Every structure is written in C-alpha cells, then in structure tokens.
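Trainee: Below you will find the structure I want to go over with you.
The values are calculated or read from the model by the stated rules, or taken from the named source; none is laboratory data. Note that the coordinates shown come from a computational prediction; the quantities given were computed from them, not determined experimentally. Every residue, glycine as well, gets a Cβ built from its backbone with ideal geometry; the counts of neighbours run over all protein chains shown. Each accessible area value is taken on the protein alone, full model and side chains, heavy atoms only, with ligands, DNA and RNA left out. Shrake-Rupley method; radii C 1.70, N 1.55, O 1.52, S 1.80 Å.
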Amino acid sequence: MKKLIITALVFVFAVSCHPEKQEYSQKIIGTWTIEKHDDQTSEKPVLPYTNDDPEIMVFEKDGTYTNKNGFFKFSRDQTIDENQTLYFGEKTKYAIKDDSLLIFDPAKNRFIGNKILHFTTRKIILEQKDKSTITLIPFSEKKFDNPPIDEIIVSKSPCFGSCPQNSSIINKTGHLFFYGESNNSKNGFYKNAVANKKIKDIFNELKHLDIESLQPEYQISITDLSSQSVTLISKGKIIKTVYNYGNESPFELRRLIRNISYLYQNIPLQYIDLKDPVLLYDMKSDKQEVTFNNESETFYLFHELLKSKQITKNTQNLPFSGKYHVDLPKDYDFQHVQLYQRTVNTDGRFFKVQKRNGSFTVYDLGYNFFIRNHLIQPLNRNENQ
C-alpha cells in the first residue's frame, strides 16, 4: 500500500511539473493558419506554386500534423538526366516538449523546433531558429455540399523546363492508375493492388472544395508554363472538367491536383507492362465531331477502354474516326511522325483500334461514352476548310 501511494505521488509531482505541456496539448488541437503582417520577413519554404496560398495546418489529438501546402524536396536524377520533384504528402507528426513545438519534416527527415512564446486558444506565437516569430490563429474551413464523386482524373502537361508530365485516376474504393510520361520519379504505367487509405482521405477532403462554383478554365497571360486538367466523375459520367494554367485556380483545387498527381510517390505500386496507349483527342464523322475537354477526359476514356471487353464481332456503322500515336522511339524523326499514327473508328461504344502492326481489335465499353458524357456536337465546317 505504501509503494502504491509513493508511485501515485511521483506521478502527481511529474504532471504538476509540466502543467503547460498538458495545457498546450489540449489547446493546440484544431485548424490554424499563419497571421499575415505587412512587415513579416520570416522565410517561407520554396514550393512549386507562385500564388500566395493560405498556410493552413491541422493538429490532431493523436499527434498527427497536416500542412495543407505539403512537404517537397527537389533533386536531379543523373541516371535519366531529369529533374525530380519528391512529394512527401501533407501529413506528419508533431510533439510538444518543454517549451517547444516540434514538427517532423519528412523532406529533411528531422524534427523542426519552434519555441513557444505565447499560447492561448486564440493565438500561438512561435520563435523560429533565426529568432523571427510567427503567429498562428484559429482557422475555420468552409464545407460544401457537393455531389458524390466516384472518380477523379488529373493530367499534367509539360512546360518549357522539367515539369512532371503525367496522368492519374483515383476512385473512391482507394485505387490509383498512374501513367508517367516524363520528369517523374516513376515513368510508365502503375497501379496499386491494395486499397489505400491516403486515396480515401483525398475524397474526404473534397468537402472543402466548392465544385459547383468551379469555372471551366483558369489561366494567366504567361507562356511556357505547365497546365493541368481535372475531371470529376459522378455516377459513371463526367460532371465537371477544369483547366488550370499558371496555377490560377482556387487553392483547394490546386491542392487536389497536387495530392493526386504526386500520389504515385507515396503508396506501394505495381508496374504494368502497357504499350501504345490509345489516347484520343478529336473524333469526327461527316456531320458531327467529338472534342475532349483537355487531357484528363482523354485519359479517362483510355482507362475505360482498358476495362472494356475485346470482341470478335464485325462491327458496322462506326461513324467517328480519329488517330492516336503508338509509342515513339527516342530517336524518332519528327518529320515522319505520321509513320507512328494509327486509326480508330467508333460510335462511342464500340472502338475499332488499329494496332502497331496494322491489325485491328474491337473493344466494347458496354455503354456509349460520347452520349453519356455529352461530347457530340455539330461539325464545325470552318475548321475543315
């Protein structure tokens, strides 16, 4: 009994010695942002975004820290002579030790400490290593009543430089299909075999994105930058496609693009040996045309074709025709690029695809992709002249 009393007294003494730590741990839970000052001179991490993004951070009870700007590291892969952007996601760990807030930076693989100068439920003042201070204030995130989203497709175009060029599609069951074309830490086709919680977290975060108010395109008057397109799928059909150039779109959409396009770096993936992806852009008939709204819609159709049935039926009346490129060799002559073109004939459901060797294979989607997604329109005769 005496031993039990002594142990209890030691515990009470230990807690009473650090009442601030317990108080800090309770008060810090929630969402915060950095208070802006005109004279603020503290250094900010270099991010691949030029916008003045809100610096939003979330502290959870279990020690999870979320920085909604993410953690990056930039390097050059000498083996393939390409710049590489490594993205470590948004989530990491934090701890409060004595009078300091410690946050683990996965890009630097170490904890970053900030001394706590002031701490209340309305304001936290931290002193950084360079003696500058930052002030955190509570932040209330908006939530929107969006339609149910089943799949999201993101495509990134190249730029005059070393911007990653890739396409990704995720679904709400937690699966990713990725195609890296250039300047990625993985190039080629990949997928995950096991459903991943990180993907489900992305869908959960959609509540902070006002889908209804998104414009068809956002762009600035500067050349040679990378562009991105995002396509949202609800109940098996496209409900919105957005084009983003120069990172002019709302922060939450750019955040969605970032978390999906770099997702391949943060979950286990399996390589898929796929050749000659059927990436279509424009399909025409005598009186109508099908124009895809950006690369994300093209990639969505390609992914649907991968799931389709190959049939031997001799299909007739496939009014739309178009072309795609088989994989180009590294030393190909641009003046003879037509040698790598192949034809596709379709009515929107059945796709008769010419292969590399000139033979044809017919695929059945099981539904009409063009009609379901309202992609057919009258042919613009002026473009044909």
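Trainee: If you take the residues of region 256-296 that are open to solvent by 30 Å² or more (accessible area, probe 1.4 Å) and acidic (Asp, Glu), which of them is farthest from residue 169 (Cα to Cα)?
Mentor: 286
Trainee: So, one more: Considering only region 236-251, how many residues are over 21 Å from residue 292 (Cα atoms) and surrounded by 19 or more Cβ atoms within 10 Å (Cβ to Cβ)?
Mentor: Going through region 236-251 one residue at a time, the tally reaches 1.
Trainee: In region 94-134, what residues are acidic (Asp, Glu) and closer than 19 Å to residue 31 by Cα?
Mentor: 105, the sole residue that qualifies.
Trainee: Give the residue that is nearest to the chain's Cα centre (by Cα), with candidates limited to residues of region 199-215 that are touching a residue at least 40 places away in the same chain (Cβ under 8 Å) and part of a loop (DSSP other than H, G, I, E, B).
Mentor: 209
Trainee: Could you run through region 219-234 and say how many residues are within 18 Å of the chain's Cα centre (by Cα) and open to solvent by 90 Å² or more (accessible area, probe 1.4 Å)?
Mentor: 0
Trainee: Within region 200-218, can you find the residues that are open to solvent by 90 Å² or more (accessible area, probe 1.4 Å) and at pLDDT 95 or above?
Mentor: Correct list: 212, 215, 216, 217.
Trainee: Right, next: Just the residues that are open to solvent by less than 80 Å² (accessible area, probe 1.4 Å) and either in a loop (DSSP other than H, G, I, E, B) or within 16 Å of residue 59 (Cα to Cα) (or both), please, taken from region 83-100.
Mentor: Once the filter is applied, which keeps residues that are open to solvent by less than 80 Å² (accessible area, probe 1.4 Å) and either in a loop (DSSP other than H, G, I, E, B) or within 16 Å of residue 59 (Cα to Cα) (or both), region 83-100 yields 88, 89, 90, 92, 94, 95, 96, 99, 100.
Trainee: Could you grab me the full set of residues in region 115-132 that are closer than 18 Å to residue 95 by Cβ, within 33 Å of the chain's Cα centre (by Cα) and of a type in the set (A, V, I, L, M)?
Mentor: Within region 115-132, 124, 126 meet the criteria.
Trainee: Cβ-Cβ below 7 Å, separation at least six or inter-chain, first residue in region 221-249 and in contact (Cβ under 8 Å) with a residue 40 or more places away in the chain and closer than 30 Å to residue 368 by Cα, second among the small types (Gly, Ala, Ser) and surrounded by fewer than 20 Cβ atoms within 10 Å (Cβ to Cβ): which pairs?
Mentor: 227/157
Trainee: Of all residues being over 19 Å from residue 284 (Cβ atoms) and free of Cβ contacts under 8 Å to residues at least 40 places away in the same chain in region 346-359, which is least open to solvent (accessible area, probe 1.4 Å)? Just the residue, please.
Mentor: By that ranking, first place goes to 358.
Trainee: Of all the residues that make up region 303-346, how many are in a helix (DSSP H, G or I), of a type in the set (A, V, I, L, M, F, W, C) and either under 17 Å from residue 359 (Cα atoms) or more than 31 Å from the chain's Cα centre (by Cα) (or both)?
Mentor: So the answer is 3.
Trainee: Going through 271, 300 one at a time, which residue ends up being outside any helix (DSSP H, G or I), modelled with pLDDT of 95 or more and under 20 Å from the mean Cα position of the chain (by Cα)?
Mentor: Exactly one residue qualifies, and that residue is 271.
Trainee: Here's something else I'd like to know. Taking region 297-341 only, how many residues are open to solvent by 100 Å² or more (accessible area, probe 1.4 Å) and within 23 Å of residue 362 (Cα to Cα)?
Mentor: Final tally of qualifying residues: 10.
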